[in-house]
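Chemist: Got a structure here, written out as structure tokens. Questions coming.
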Amino acid sequence: MSSKQVESRRFGSTIRFRLTLWWTAITLCSCAALCLLLYFGLSYSLRREVDSFLKGEVQEFTSILNEEEHHSFAEIEADIRHELGSRLRGDLTFRLVGEDAGLVFSSDAHDVLTNDDGAGTQVVDVEGPVCTTEQPASTSWPYRVCSQQVDLANRGRYQAQAAYRMDQVAASLTGFRRLSVAAMAIATGLSVVCGVVLAGKSLRPVQQMTNTARHIGAQNLAERLARSRNGDELDDLAGVLNEMLARIERQFGEVQRFTADAAHELRTPLAALRCRVELALDHQCDENEWRQLLEESLGQFDTLSRITNDLLLLARADAGRNFLNLDRFDLTETIRDLVDLYSATANEHRIELVCERMVAIEVDADAMRIRQLFSNLLDNALKYTPPGGRVTVGMARYENKAEVRVCDNGPGIAPEHIAHVFDRFYRVDAARTRTTGGCGLGLSICRSIAEAHGGTITMASRLDVGTEVVVRLPANRKVSTTDKPTAHT
Amino acid sequence: MRALVVEDDRDVAALIERGLQEALFAVDKAGDGETGLHLACSAQYDVIVLDLMLPKCDGLSVLRAMRGRGITTPVICLTARDAIDDRVRGLNAGADDYLVKPFSFVELLARVRAVLRRGPTQIDNPIVVGDLAVDVIAHTVERAGQKIELTAREFSLLEYLARHAGEVVSRTMILERIWDMNHDPQTNVVDVHINRLRRKVDSNFDAPLIRTVRGTGYVLQAG
């Protein structure tokens, strides 16, 4: 991602913004839910308190009515004012309502509960004390009314009511609502600020990683992302990315070394070739010298071609596509053919080249490449085994793998070299390899071929005892053994 | 003999032309696939040397088009790409042989001669080269009336040389035909086999039959 794109990225699309948004929304929702719960809880408990107070009052009112049921209403009213006067505050009203006649009397001179038509509050047709909320048209606050039916002798049925003005309660609830809104506004503001700050803080390592990663290139592959070392996820991520960078650095180093080595390996024969051609162009040469120079040039040229082919093969193996032409064939035949091919050379060097324990194993592989693999191995073994030595080739089936061992009793390879023998251009003994014509690619080609087939190649060696190379290739399931040792000497 | 060289690199084309002319071929050149196909269809050639990487129309398409029109002239493909891949595709498309760049001209000439010899020519049995007689049916070899004992592999090697008597066969051709090897091992494995064969065929006689062509290969020739 280019920095220009990053700059032009809107704040709205950042993780920081989205985290803040979520965080604020969640805070707001929980705050609102809490406020609603508290509001309803408060209003319910207030009403219940009012209700129980009213029920007590209405009962007392009723008992007075029952005691004085033969008195006139005016007397009763006076009595009630006398009896209950101490409780008559501005917010409590006692009323007596007839079933047909409407309001008989009210302790409040300005009773607002009575409508203009005199019908008054609704008459409840239930015996027990029942509480209802009335909203008179002329006031902004409601009344809580508790009604109880009373039967007055000779006068029929009446409702004794105690009404409570709810203005205080309503004011409390309104205050609570305002407070809630204010609290929610403050919570929103705080959560936005906290969200931005916290998200920014937790995402700061990401920002740092982005900045560092943006300028890591071929020139500074050794640089690493800063780690917080606090064991959190971003620290893990930085660690993993650092490991990846380390791998890339290592492989990049390998490629660089490979390229440098390849250039060196190509330059040397090129320089020699050029020298020879220049010498040949020198007219003081006689014809024999000419011929010899040209023949040597041809040899140099062949070396160059071979290195080019080897490099091409390795490059193709690295690219890993279209590399193999798979075929099913018997590996034993191939090994026998190769041993036959090299038997003359072995004979020439007075080395015993023997096939041991040949097992018929079919493999799905690229026959040409497999021949190349084993011819490289045989070539190596014969090159480094002194006259009178012995090279053996053995086969075995090993857990669905065809195993081929090429052993020699040559001088062996020192342990410090073993780990590197399959590296490109690695030479155990540079001087000797050069005289025998290798350029240090043979074994790495073997490894590339083996690995391209899903196989492995390993080498074990002991100084003055010998070297053993083991190649394992995926085998086809079919077993038949022929235990015929054949010697080519 | 008339040869067509289809090759876009002028240097390479000129070198092949010069070499083939020295070998007494009449040579036509084409610098791209279309011209090559046009020439191959309009004139009678004995052999066609065809580069696979060509402008306008690549070598494999030229080859398929040619074979599609019933032209059976032997074709040798030249390729700078991966040997095996192109070999398989080239041979599938109807090529008679192939050669990987960089190649030696002597080897190209050897392969040209080999494909010219292939086909209708019937080989007599036994094949006689000077005082050497190779019986390819009975698998026996005699020189000046003396029987020579050869291993199976030595016999195939000698038979191959005898079938191409008088022609140069390169080390890679020998590796391909006798050991089915498609790459050149770095050591001189073929030379060692030839030397062993020489010891049996030539060492007890005055005139050597197997001669080395330096830098290229071998030739079996009398006199």
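Chemist: What is the angle, in °, between the Cα long axis of helix A:287-319 and the longest principal axis of the Cα atoms in chain A? Nearest 10 is fine, range 0 to 90.
Modeler: So the helix axis and the longest Cα principal axis differ by about 20 degrees.
Chemist: What FRET efficiency comes out for the pair B:R69/A:L221, r = Cβ-Cβ distance, R0 = 45 Å, nearest 0.05?
Modeler: That pair, B:R69 with A:L221, gives E of 0.20.
Chemist: Placing +1 on the Cβ of each Lys and Arg and -1 on the Cβ of each Asp and Glu in the protein assembly as shown, which of A:L152, B:A95, A:L198 has its Cα farthest towards the positive end of the resulting dipole?
Modeler: Toward the positive end, the furthest listed residue is B:A95.
Chemist: So how long is each side of the protein assembly as shown along the principal axes, counting just the alpha-carbon atoms, biggest first, in Å?
Modeler: For the protein assembly as shown, the Cα spread along each principal axis is 170, 67, 55 Å.
Chemist: Rg to Rh ratio, segment A:336-375, alpha-carbon atoms and Kirkwood radius?
Modeler: Values: Rg = 11.9 Å, Rh = 11.6 Å.
Using Cα coordinates only, the ratio equals 1.03.
Chemist: A further question follows. For segment A:191-346, max minus min Cα coordinate along each principal axis, in Å, sorted largest first?
Modeler: Principal axes ranked by extent give 95, 53, 26 Å for the Cα atoms.
Chemist: Pull up all non-local amide H partners of B:A30: gap of 5 or more, or a different chain, and H-to-H distance under 5 Å with H placed in the peptide plane.
Modeler: For B:A30, the qualifying residues are B:V5, B:V6, B:E7.
Chemist: Once both labels are modelled 7 Å past Cα along the beta-carbon direction, what's the A:A360-A:E75 spacing in nm?
Modeler: That separation, rounded to one decimal, is 13.6 nm.
Chemist: To the nearest µm²/s, what D does Stokes-Einstein give for segment A:234-288 at 4 °C and 1.567 mPa s, using the Kirkwood radius over alpha carbon pairs as Rh?
Modeler: 86
Chemist: For segment A:222-299, with the dipole built from +1 on Lys and Arg beta-carbon atoms and -1 on Asp and Glu ones, taken about the Cα centre, which of A:A262, A:W290, A:A226 lies farthest toward the positive end?
Modeler: A:A226
Chemist: On full extension of the chain, what length is gained from A:D51 through A:D327, given 0.36 nm per residue of separation minus the C-alpha to C-alpha distance? Mind showing how you got there, number by number?
Modeler: Values: separation 276, 0.36 × 276 = 99.36 nm, distance 9.67 nm.
Full extension of this stretch gives 89.7 nm more.
Chemist: Mind checking the dipole of the protein assembly as shown: about its Cα centre, +1 per Lys or Arg Cβ, -1 per Asp or Glu Cβ, Debye to the nearest 20?
Modeler: In debye, rounded to 20, the protein assembly as shown gives about 2480.
Chemist: Using R₀ = 41 Å, calculate the FRET efficiency as 1/(1 + (r/R₀)^6) where r is the Cβ-Cβ separation of B:T151 and B:A43; round to 0.05.
Modeler: Calculated transfer efficiency: 0.30.
Chemist: For segment A:130-192, what does the equivalent ellipsoid look like in terms of its semi-axes, each the square root of 5 times an eigenvalue of the Cα gyration tensor, given largest first in whole Å?
Modeler: Working through the eigenvalues yields semi-axes of 43, 10, 7 Å.
Chemist: Mind pulling up the Rg/Rh value for chain B? Radius of gyration and Kirkwood radius, both on Cα.
Modeler: We get a ratio of 1.01 for chain B.
Chemist: How much length would be gained if the chain were fully extended between B:N188 and B:N92, taking 0.36 nm per residue of separation minus their Cα-Cα distance, in nm to one decimal?
Modeler: Between B:N188 and B:N92, full extension yields an extra 31.5 nm.
Chemist: Here's another thing I want to ask about it. How large is Rg over Rh for segment B:127-220, taking Rg from the Cα atoms and Rh as the Kirkwood inverse mean of 1/r across Cα pairs?
Modeler: Here Rg/Rh amounts to 0.94.
Chemist: Ratio of alpha-carbon Rg to the 2.2 N^0.38 Å globular estimate for segment A:148-260, to two decimals, please.
Modeler: For segment A:148-260, the normalised Cα radius of gyration is 2.72.
Chemist: Between B:D180 and B:S203, what FRET efficiency comes out of the Förster formula 1/(1 + (r/R0)^6) with R0 = 35 Å and r the beta carbon distance, rounded to 0.05?
Modeler: That pair, B:S203 with B:D180, gives E of 0.75.
Rule-based calculations on the coordinates, nothing more; no lab input. All values derive from a computational prediction rather than experimental measurement. Here the Cβ is made from the backbone with ideal geometry for all residues, glycine too, and neighbour counts use every protein chain on show.
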